[in-house]
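The values are calculated or read from the model by the stated rules, or taken from the named source; none is laboratory data. All figures in this text were calculated on a predicted structure; none of them were measured in a lab. FYI the Cβ positions are ideal-geometry reconstructions off the backbone, even for glycines, and counts take in every protein chain you see. Keep in mind that these areas ignore ligands, DNA and RNA; they rest on the heavy atoms of the full protein, side chains included. Shrake-Rupley method; radii C 1.70, N 1.55, O 1.52, S 1.80 Å.
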Amino acid sequence: QRRLALDKYRFLGAVIGKALYEGVLVDAPFALFFLGYCVGKLPEFNDLPTLDEDLYRGLVALKNYPATGPAAAAAAADDDADEIYRVFGLDFTTTVGLRDGGTRTVPLVPRGDSVRVTSHNRLLYLDLVAQHKLVRQIDAQVKAFVAGLHAVVPENWLRLLFASPRELERLLCGDAGAIDVADWQRSTEYEGVFRDQGRSHPTVQAFWSVVEHDLSEQQRRDLCRFATSCERPPLLGFAELNPRFCISGSSHPNEDGSSIDTRLPTASTCVNLLKLPAYSSRHTLRDKLVTAIGSGAGFDLS
């Protein structure tokens with residue numbers, strides 16, 4: 001069973017490698033320390049907030065706690081008098097979660113439950129906790145994932161191309177900056193009833209007006225995800241989408257004879273296609289578009 005689980009991680013690494021090689025954006029919030037493994041960068045203590053920000057804040061509080069006064073002077077002779085131990089009450093163990101929802105205590109050093117964290121060994125404790133969370137606890141899964149990734153994209157390529165995990169994230173997951181609506185317009189193709197007039201079609205003009213002036217930045221990202229499966233545009237702009245982003249217009253009435261204004265926009269994310277009915281008004285277009293992108297639906301909406 002464990003081998004099967006590791007094979008799944010290896011397969012997932014190969015899928016991510018294929019997406020990276022083909023320039024396909026992936027809507028997956030990878031922790032930066034994890035991507036660091038892919039480019040040969042081993043994690044360190046300051047990478048911990050990308051995994052567990054609350055744990056990191058707690059450890060930083062322990063690191064910066066001012067242990068002064070008589071208690072600190074006596075720490076070398078008596079751990080019971082050490083101010084760090086009296087305040088935090090920690091030993092050299094950490095807690096890990098189990099699949100059944102329970103927890104288990106793991107020693108960081110041999111007989112760690114009998115080794116107290118004091119003023120003179122707290123830095124060692126911080127380092128061991130970080131190493132356990134970022135390295136030891138997930139070592140087998142990381143090695144399997146990276147093996148699958150490097151089977152598609154060789155490790156030396158990744159080391160050569162990416163100086164940091166952040167660069168890899170931007171290429172794999174897209175640009176996290178604000179969406180450039182003007183670039184999106186320039187990089188859009190039109191089909192259906194919009195093919196001949198393109199950006200001059202009244203519905204298309206209303207669409208871009210709504211996107212630019214009515215939608216919030218998060219709603220623009222929701223629209224991008226709705227139509228392309230990823231909320232971020234490619235690193236070099238929408239022109240890099242493959243296939244190109246396309247808006248296909250429809251003016252056919254519904255099969256039951258009801259108005260086209262009752263229909264919601266739909267999408268085919270595999271080809272970056274937004275299917276937009278030719279609504280009778282900008283107000284209707286805005287309401288239907290906001291409803292569609294906020295529904296959380298995928299192919300089931302189409």
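Dipole check for the chain: with +1 at the C-beta of Lys and Arg, -1 at the C-beta of Asp and Glu, and the Cα centre as origin, the magnitude is about 600 Debye. Looking at the chain, the DSSP beta bridges with both ends there are about 50 percent antiparallel. Could you tell me which residue out of Thr284, Ala5, Ala61 lies farthest along the dipole of the chain toward its positive end? Charges go on the beta carbon: Lys and Arg +1, Asp and Glu -1, centred on the Cα centre. Working it through, the farthest residue towards the positive pole turns out to be Ala5.
Calculate how large, on average over all directions, the projected area of the Cα convex hull of the stretch 219-283 is; give the answer in nm² to one decimal. Let's see the in-between values first.
Working: hull surface 20.2 nm².
Seen from a random direction, the Cα hull of the stretch 219-283 projects 5.1 nm² on average.
If you fit an axis through the alpha-carbon atoms of helix 53-64 and take the longest principal axis of the Cα set of the chain, what angle between them do you get, 0 to 90°, nearest 10? Roughly 30 degrees between the two axes.
For the chain, what is one quarter of the convex hull surface built on the Cα atoms, given in nm²? Don't skip to the answer; put the middle values down first.
Values: hull surface 87.8 nm².
For the Cα atoms of the chain, the hull's average projected area reads 22.0 nm².
If you put +1 on each Lys and Arg Cβ and -1 on each Asp and Glu Cβ, how big is the dipole of the stretch 154-302 around its Cα centre, in Debye rounded to 20? Let's see the in-between values first.
On the way: 16 positive and 20 negative charges, 27 e Å.
The calculated dipole for the stretch 154-302 is roughly 120 debye.
Here the accessible area is traced with a 1.4 Å probe on the protein chains. For the chain, carbon and sulfur cover 52 percent of it.
With protein chains left intact and a 1.4 Å probe, residues in the chain average 55 Å² of accessible area per residue.
Take every Cα pair under 8 Å whose residues are at least 6 apart in sequence, average their separation, divide by the length of the chain, and the relative contact order is 19 percent.
Based on the Cα atoms of the stretch 153-302, what semi-axes does the equivalent ellipsoid have, where each is the square root of 5 times one gyration tensor eigenvalue, given in whole Å with the largest first?
On the way: eigenvalues 202, 44, 41 Å².
In descending order, the three semi-axes are 32, 15, 14 Å.
Compute, for the stretch 1-149, the length of the dipole vector about the Cα centre, with Cβ point charges of +1 (Lys, Arg) and -1 (Asp, Glu) only. Units Debye, rounded to 20.
Details: 17 positive and 18 negative charges, 137 e Å.
Here the size comes out at about 660 debye.
Less than 5 angstrom separates the built amide H of Ala267 from those of Lys275, Ser302, all sequence-distant by 5 or more or on a different chain.
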